[in-house]
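Engineer: This is the structure I want to talk about, given as structure tokens.
Nothing in this text is a laboratory measurement; each read-out follows from the coordinates by a stated rule. Not measured: the values here are computed from a predicted model. Virtual Cβ from ideal backbone geometry, glycine too; neighbours counted across all protein chains shown.
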Amino acid sequence: MKVALLHPGDMGVTVGETLKESGHSVRWFSRDRSPGTRARAESAGFSDCETPAELFHGLDAVVSVCPPGAALEQARWVRDSGYSGPYLDANAVSPATARAISLVAGPLFVDGGIIGPPARQSGTTRLYLSGPAAEETAAWFVAGSLQAIAVGGDPGSASALKMCYAAYTKGLSALLLSVRALAEAEAVTPALLEEWSLSQAGLDQRSEITARVTAGKAWRFIDEMLEIAETFESCGLPGDFHRAAADVYQRMAPLKTVADPTLDDVLQYLLNGTR
Ligand SMILES: NC(=O)c1ccc[n+]([C@@H]2O[C@H](COP(=O)([O-])OP(=O)(O)OC[C@H]3O[C@@H](n4cnc5c(N)ncnc54)[C@H](OP(=O)(O)O)[C@@H]3O)[C@@H](O)[C@H]2O)c1
């Protein structure tokens, strides 16, 4: 198949590599994209399309892997370009947003949710798929590092699974970093770390790692936390925990451009809005 990948970000490039290894040709649309995305696409050998006409000519499928807050707009742009074939949205969006995207993308929409880090080796990362064409779509990914799994159900089930998973992992990260900031503000960090060493082994090291791993991506987690909050609320459950997590990541968002951020950097941004 000829597949358009929108776009080759950290995760997207590994989705495209899996498609290539599975025998498909992968193209992308370079207008408005950063040098980082261009470099990833070039080193992966994806065909660069500079116009929508070039991108959609003879196209068999679109795979959307972009910031969650841009997913619906991305689908509208594809529809407005006249394409109406298979459309896989693999973004971290709520089931309600997935259904809104499905209305835009049309009957060949497939809902996806990715769990795990960018798929650079097999066994680390899974693409869950749902909707009527989920099994068929899983067969696009027969080789390569990303494992595709059809979970059945309606469009929205794969996104619901992703929301549940990230609600715990990214919610917990926001909580842990907030606790470290609170301890710092109240000048009880040494006492807290001492107590953790007695009763919560590993939390000290875990907060250091969490800070390093989340700092550069916090800007992208804001919309994901809001999608999760809406998912909870749509089921009659409290969404404010993840609205607060969105606030935590909002404070950390400027760390996107800070090289090698540390826990100290994160605490400074959480408490003072700067370093
Ligand atoms: N990274 C992970 O570990 C991970 C894990 C599970 C799921 N995911 C999901 O995968 C999706 C993408 O993640 P990623 O890690 O690839 O993110 P990323 O590295 O930030 O890449 C996002 C890509 O989308 C492009 N983009 C930025 N703003 C856009 C917009 N307004 N409209 C369309 N495209 C835009 C970026 O281009 P520029 O370079 O021009 O900004 C970049 O190519 C998200 O939905 C995320 O939740 C990621």
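Engineer: For the chain, give the magnitude of the charge dipole about the Cα centre (Cβ charges: +1 Lys/Arg, -1 Asp/Glu; no others), in debye to the nearest 20.
Structural biologist: Details: 23 positive and 32 negative charges, 90 e Å.
Using only the charged Cβ atoms, the result is roughly 440 debye.
Engineer: What FRET efficiency comes out for residue 237 versus residue 154 if R0 is 30 angstrom and r is the Cβ-Cβ distance? Round to the nearest 0.05.
Structural biologist: Efficiency, from the Cβ-Cβ distance: 0.95.
Engineer: With both bridge residues required to lie in the chain, what share of the DSSP beta bridges run antiparallel, to the nearest 5%? Intermediate values should be presented prior to the final figure.
Structural biologist: Working: 5 of 25 bridges.
If we restrict to bridges inside the chain, about 20 percent are antiparallel.
Engineer: Also: Would you please put 7-13, 214-220 in order of how densely packed they are, using the mean number of other Cβ atoms within 10 angstrom per residue and starting with the highest? Numbers along the way, then the final one.
Structural biologist: Numbers: 7-13: 23.0, 214-220: 20.6.
Top to bottom by mean Cβ count within 10 Å: 7-13, 214-220.
Engineer: Rounded to the nearest 20 debye, what is the charge dipole size of region 154-232 about its Cα centre when +1 sits on each Lys and Arg Cβ and -1 on each Asp and Glu Cβ? Please list the in-between numbers first.
Structural biologist: Numbers: 7 positive and 11 negative charges, 56 e Å.
Magnitude of the dipole: close to 260 debye.
Engineer: Please identify the longest segment of the chain free of exposed GluC sites (Glu not before Pro), where exposed means a DSSP state other than H, G, I, E or B and no more than 10 other Cβ atoms within 10 Å. Working shown, then result.
Structural biologist: Details: sites that count: 50, 186.
In short, 51-185.
Engineer: Just 48, 154, 80 to compare: in a GNM of the chain, with alpha carbon springs under 10 Å, which one fluctuates most?
Structural biologist: Maximum fluctuation in the GNM of the chain, among the listed residues, is at 80.
Engineer: Show me, for region 168-179, the HN-Hα J-couplings you get by feeding each phi into the Karplus relation (A = 6.51, B = -1.76, C = 1.60, θ = phi - 60°), rounded to Hz, glycine and proline as x.
Structural biologist: Each residue of region 168-179 in turn: 6, 5, 7, x, 5, 4, 5, 5, 4, 5, 5, 4 Hz.
Engineer: A further question on this structure: If you take the beta carbon distance between residue 274 and residue 135 as r and set R0 to 51 Å, what does 1/(1 + (r/R0)^6) give as a FRET efficiency, to the nearest 0.05? Can you show the working numbers first?
Structural biologist: Working: r = 50 Å, r/R0 = 0.99.
Here the calculated transfer efficiency is 0.50.
Engineer: Calculate the spin-label point distance for residue 77 paired with residue 57, positioning each point 7 Å from the Cα along the beta-carbon direction, and give it in nanometres.
Structural biologist: Label at residue 57, label at residue 77, 2.0 nm between them.
Engineer: Right, next: Taking 0.36 nm per residue of separation and subtracting the Cα-Cα distance, what length does fully extending residue 264 through residue 103 add?
Structural biologist: Stretched fully, the residue 264-residue 103 segment lengthens by 53.5 nm.
Engineer: Okay, next question. Compute the separation of the alpha-carbon centres of region 123-147 and region 154-218 and state it in Å as a whole number.
Structural biologist: Going from one Cα centre to the other spans 30 Å.
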